[in-house]
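These notes concern the structure reproduced below.
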Amino acid sequence: MTTSSSISLRNLGASDLKVSPLGLGTWQFSKGKRLAGIKFWPDLEKQLIQEIVKVSLRGGINWFDTAEIYGKGASEAVLADALNELGDEAKEALICTKWWPAFRRAKSINQTIDQRLEALKGRKIDLYLVHQPFSFSSANEEMNQMAQLLQEGKINHVGVSNFSEKKLREAHGALKEQGFPLVANQMKFSLLDRRIERNGVLDAAKQLGVTIIAYSPLEQGILTGKFHKNRELIKNIVGPRKYLSGFKESSLTRTQPLIDLLERLAKEYDISTSQIALNWTIHFHGETIVAIPGATKKHHAEENIGALTFRLSDKHLAEIDKVSKEVSLK
Ligand SMILES: NC(=O)c1ccc[n+]([C@@H]2O[C@H](COP(=O)([O-])OP(=O)(O)OC[C@H]3O[C@@H](n4cnc5c(N)ncnc54)[C@H](OP(=O)(O)O)[C@@H]3O)[C@@H](O)[C@H]2O)c1
C-alpha cells in the first residue's frame, strides 16, 4: 500500500497549501438528502463513510471536498465525524467546502459562515469556494466578503467553482485587490468532458496560477468501464444520473474505443481502468489539474488512490488524449 509520505504534494494555486493530486469528493456523503429537490446518491451508512475516509487518508489523500448543498450540511458533518474519529491520524487533513450562491446575495457568505464551521465540528475550512457563478451579487462583491473571512481567520484560502474565464478573471482580480490570491476553480473535467480546454478556462487558470480542481473525473462512473461491460448496472442507479447523456446506448457505443484503450493500458500497467483515467487527468496538464473522484464503496476508494502511485508515460498520455478527443461527449 502507498503511504502518504511517498505521494508528492502540489501547491494549490499561488498558495503554500500543499494538496495531494487527488482529493476525495464527498457529494456521495449527502446521506440520501436532496440537491435542488433531486436525490442523487443512496444513503451511505456512517460506518461505510468512515471506511472510505480512512482508506483515502491512508492511501495518501490529504484533502476532502464537500459543500453546504451536499445534504444541507450532512456531508460536511459526517466527513468531520469520520476525520475526528481518526484522531491524530487525520489532524492535518484539509477540508474544502463551498458556499451555495443561488438566490442569495454576497452578504450571506458572512451570515452563514458560522453554520459551516458548526457543521464541520471544529475542523478548519482550508479552502472556501463560491459553488456556482449564479447569485444576486457580482463576483466582486463575493470576493470582498471572502476577503473579510480571510482577514478574520475564519477560512484559509479562497476559490470558485463553475466560473467561466470571464468570471474567473473578475474574481481573481477582485481578490487580488484585497491582497489575496484566488487559488482554485473547481470545474467539470474528464476524458469525456474537455470543455475547459476550449473555452479559455484552463488557459486563464495556467496564466493566473490558479489550480483547476476536476470534478466528475470518472464521468460519474462511466470511465471505470463498468457500465460499458454491464448495461444492467445503469438500471440500478439511484437518482437521475442514469438519464445523463453519457449513459445512453449511443454514447456508450461512441465511447467504447476509449474504454478499450484504458483497459488495454490497465493490463499493461497491471492496474485498473479508473486508475488510468485518473492518472491521465492529474498529469496531462502538468501540475495545473488535481481531481476529486467520489466513492460509494470502500473498494472505489481503495482503487482510486492507486492512481497516485505511478505516472503514465508521455507516449501513453498522448495516446489517451488522441482517442479521448475523438470520442469525447463534450
Ligand atoms: N463543484 C461542483 O459543481 C461539483 C459538481 C459535481 C461534483 N462535485 C464534486 O466532485 C466529486 C466527484 O464527482 P462525481 O461524484 O460527480 O463523479 P465521479 O467522481 O466521476 O464519479 C463518482 C462515481 O463513480 C463510481 N466510481 C468511483 N470510483 C469507482 C471505481 N473505482 N470503480 C467503480 N465505480 C467507481 C461510483 O459510482 P456508483 O456510486 O454508482 O458505484 C461513484 O459514486 C463529488 O463527490 C463532489 O465532491 C462538484
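Figures for the structure shown
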| read-out | value |
| --- | --- |
| Failed item, numbered, when S5 is tested on (1) within 16 Å of the ligand (Cβ to nearest atom); (2) at pLDDT below 95; (3) assigned to a helix (DSSP H, G or I) | (1) |
| Residue that is at pLDDT below 95, polar (S, T, N, Q) and more than 21 Å from E219 (Cα to Cα), where the choices are S135, S108 | S135 |
| Lone unmet requirement of (1) out of contact with any helix residue (DSSP H, G or I) (no Cβ under 9 Å at 6 or more places or on another chain); (2) buried (at least 17 other Cβ atoms within 10 Å of the Cβ); (3) of a type in the set (D, E) for E303 | (1) |
| Whichever residue in the stretch 206-222 is in contact with a helix residue (DSSP H, G or I) (Cβ under 7 Å, 6 or more places away or on another chain) and assigned to a helix (DSSP H, G or I) and, among such residues, is farthest from G294 (Cα to Cα) | L208 |
| Residues of the stretch 176-200 classified as part of a loop (DSSP other than H, G, I, E, B), more than 17 Å from L129 (Cβ to Cβ) and in contact with a helix residue (DSSP H, G or I) (Cβ under 9 Å, 6 or more places away or on another chain), total | 6 |
| Residue selected from the stretch 59-109 under the condition in a loop (DSSP other than H, G, I, E, B) and small (G, A, S), by the criterion farthest from Q28 (Cα to Cα) | A106 |
| Out of N140, N162, sole residue that is at positive phi and of a type outside the set (A, V, I, L, M, F, W, C) | N162 |
| Whichever residue in the stretch 223-239 is more than 16 Å from the chain's Cα centre (by Cα) and touching a residue at least 12 places away in the same chain (Cβ under 8 Å) and, among such residues, is nearest to the ligand (Cβ to nearest atom) | T224 |
| Selection within the stretch 162-181 - within 17 Å of the chain's Cα centre (by Cα) and under 13 Å from G13 (Cα atoms) | none |
| Single match in L192, L175 (criterion: buried (at least 22 other Cβ atoms within 10 Å of the Cβ), more than 10 Å from the ligand (Cβ to nearest atom) and of a type outside the set (D, E)) | L175 |
| The stretch 138-160, residues that are in a strand (DSSP E or B) and more than 16 Å from K206 (Cα to Cα) | V158 |
| Subset tally (residues that are more than 11 Å from the ligand (Cβ to nearest atom), of a type outside the set (G, A, S) and out of contact with any strand residue (DSSP E or B) (no Cβ under 7 Å at 6 or more places or on another chain)) for the stretch 277-308 | 5 |
| The stretch 110-131, subset in a loop (DSSP other than H, G, I, E, B) and either of a type in the set (D, E, K, R) or out of contact with any Lys or Arg (no Cβ under 6 Å at 6 or more places or on another chain) (or both), residue surrounded by the most Cβ atoms within 10 Å (Cβ to Cβ) | I125 |
| Residue in the stretch 281-291 that is touching a residue at least 60 places away in the same chain (Cβ under 8 Å) and hydroxyl-bearing (S, T, Y) present | yes |
| Subset of the stretch 156-172 (residues that are surrounded by fewer than 22 Cβ atoms within 10 Å (Cβ to Cβ) and touching a residue at least 40 places away in the same chain (Cβ under 8 Å)) | N156 |
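Residue by residue, here is whether (1) closer than 16 Å to G23 by Cα; (2) in contact (Cβ under 8 Å) with a residue 60 or more places away in the chain; (3) not basic (K, R) holds:
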| residue | (1), (2), (3) |
| --- | --- |
| L252 | no, no, yes |
| R264 | no, no, no |
| A277 | yes, yes, yes |
| A295 | yes, yes, yes |
| A301 | yes, yes, yes |
| A318 | no, no, yes |
| K322 | no, no, no |
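The values are calculated or read from the model by the stated rules, or taken from the named source; none is laboratory data. For clarity, every value in this text was computed on a predicted model and none was experimentally measured. Ideal geometry is used to build each Cβ from the backbone, glycine not excepted, and the neighbour counts take in all protein chains shown.
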